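Peer 1: Below you will find the structure I want to go over with you.
The values are calculated or read from the model by the stated rules, or taken from the named source; none is laboratory data. All of these numbers come straight from a predicted model, not from anything done at the bench. Here the Cβ positions follow ideal geometry from the backbone for every residue, glycine too, while neighbour counts run over all protein chains shown. Note: accessible area is taken over every heavy atom of the protein model, side chains too, but ligands, DNA and RNA are not part of it. Shrake-Rupley method; radii C 1.70, N 1.55, O 1.52, S 1.80 Å.
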Amino acid sequence: MFVHKIDEELSLKLQELRDAERIFALTDASRDYLREWLPWLDFTTELQDTKDFIKSGSRNFVEGKSLGAVIIYKGEIVGIGGFNNINHVNKTAYIGYWLGQEYQGNGIMTRVAKALTDYALTELKLNKVEIRVAAENHKSRSIPERLGYTQEGTIRQAEWLYDHYVDHVVYGMLSDAHNGTSTK
């Protein structure tokens, strides 16, 4: 079981089926808010969809392909954070995250992204961590920018969001930059 304590009020825990009701309720309560930037809301319309997502994530975790964790803030599940994909050949992890609307503005996601970055580069011994964010999603873009990620470029029309495409800005953190040994 993966549990990672970030600080006194914040931790990450591998998603489990017993978390499904809370995750679905949080998704449902923040549906309109999340829909602006996340493409999967129309595919998560009932509790079983969340259970299926957790089961798939558990299989991928066992196979070393991803890490889907619930974000626990002051004892309550408030969102999801983890690695959408771990590429062991290229030693790269791709961070993904979302937070329930009512929990915004507490620095939660910056701390989660920092903890995931540290874990990937230190514990998993990966070379690079990427965060891809819709170009107009300024709140989410501020997270890798605050953490010292390098803006590497833009992927045009990278994602279909219900009725339009959005560009993604790619941010990367290399292991040597994370350790302070970058020659930049």
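Peer 1: Would you list 146, 22, 31 from the most to the least accessible area, probe 1.4 Å?
Peer 2: 146, 22, 31
Peer 1: Also, I was wondering about something else. If each of residue 88 and residue 159 carries a label point 7 Å out from its Cα toward its Cβ, how far apart are those two points in nm?
Peer 2: Between residue 88 and residue 159, the simple spin-label model gives 2.7 nm.
Peer 1: Tell me the mean residue ellipticity at 222 nm calculated for the chain from its helices only (DSSP H runs of n ≥ 4, each -39500 (n - 2.57), averaged over every residue, nearest 500).
Peer 2: Taking each H run of at least 4 residues, the total per residue is -8500 deg cm²/dmol.
Peer 1: Taking the chain as a Gaussian network, Cα atoms linked when under 10 Å apart, which of 43, 61, 24 shows the biggest mean-square fluctuation?
Peer 2: Comparing 43, 61, 24 in a Gaussian network model of the chain, the most mobile one is 43.
Peer 1: Let me check something: with ligands and nucleic acids excluded, how do 45, 150 order by accessible area (1.4 Å probe), largest to smallest?
Peer 2: From most exposed to least exposed: 45, 150.
Peer 1: Please identify, among 149, 171, 103, the residue showing maximal mean-square fluctuation in a Gaussian network model of the chain using a 10 angstrom Cα cutoff.
Peer 2: Comparing 149, 171, 103 in the GNM, the peak value goes to 103.
Peer 1: If you don't mind, there's one more thing I want to ask. I'd like the antiparallel share, as a percent to the nearest 5, of DSSP beta bridges with both residues in the stretch 21-154.
Peer 2: 80
Peer 1: Also, quick follow-up: With only Lys, Arg, Asp and Glu charged, each at its Cβ (+1 for the first two, -1 for the last two), find how big the charge dipole of the stretch 51-184 is about the Cα centre; round to the nearest 20 debye.
Peer 2: Charge dipole of the stretch 51-184: 300 debye, to the nearest 20.
Peer 1: Determine the shape class of the stretch 116-170: with a ≥ b ≥ c the square roots of the Cα gyration tensor eigenvalues, call it rounded for a/c under 1.5, and otherwise prolate if a/b is greater than b/c, oblate otherwise.
Peer 2: Cα axes put the stretch 116-170 in the prolate bin.
Peer 1: Quick one: if you stick a label point 7 Å off each Cα along the C-beta vector at residue 118 and residue 101, how many nm between them?
Peer 2: So the two model labels end up 3.2 nm from each other.
Peer 1: Another question, then. Hey, which lysines would be in cross-link range of residue 91, C-alpha to C-alpha under 19 Å, not counting anything within fewer than 8 residues on its own chain?
Peer 2: 65, 114, 125, 128
Peer 1: Enumerate the amide H contacts of residue 2 below 5 Å, restricted to partners 5 or more residues apart or on another chain; note that Pro and chain-start residues carry no placed amide H.
Peer 2: 14
Peer 1: If you average the alpha carbon positions of the stretch 132-174 and of the stretch 10-86, how far apart do those two centres end up, in angstrom?
Peer 2: One Cα centre to the other: 20 Å.
Peer 1: Related question: How large is the accessible surface of residue 58 in square angstrom, using a 1.4 angstrom probe and rounding to the nearest 10?
Peer 2: Near enough 40 Å² of accessible area.
Peer 1: Under the definition of Cα pairs under 8 Å and six or more residues apart, what whole-number percent is the relative contact order of the chain?
Peer 2: Averaging sequence separation for qualifying contacts and normalising by length gives 17 percent for the chain.
Peer 1: Would you work out if the stretch 55-169 is rounded, prolate or oblate? Take a ≥ b ≥ c from the square roots of the eigenvalues of the alpha-carbon gyration tensor; rounded if a/c is under 1.5, else prolate when a/b is larger than b/c, oblate otherwise.
Peer 2: rounded
Peer 1: Something else: Hey, what do the phi angles of the stretch 117-127 turn into as Karplus ³J(HN,Hα) couplings, whole Hz, using 6.51/-1.76/1.60 and θ = phi - 60°, x for Gly and Pro?
Peer 2: Per residue, the Karplus-derived 3J(HN,Hα) values read 4, 4, 4, 4, 7, 9, 7, 7, 6, 7, 8 Hz.
Peer 1: Continuing with this model, one more query. Heavy atoms of the protein only, probe of 1.4 Å, neighbouring chains included. What is the accessible area of residue 63 in Å², nearest 10?
Peer 2: Spelled out: residue 63, probe radius 1.4 Å, area about 110 Å².
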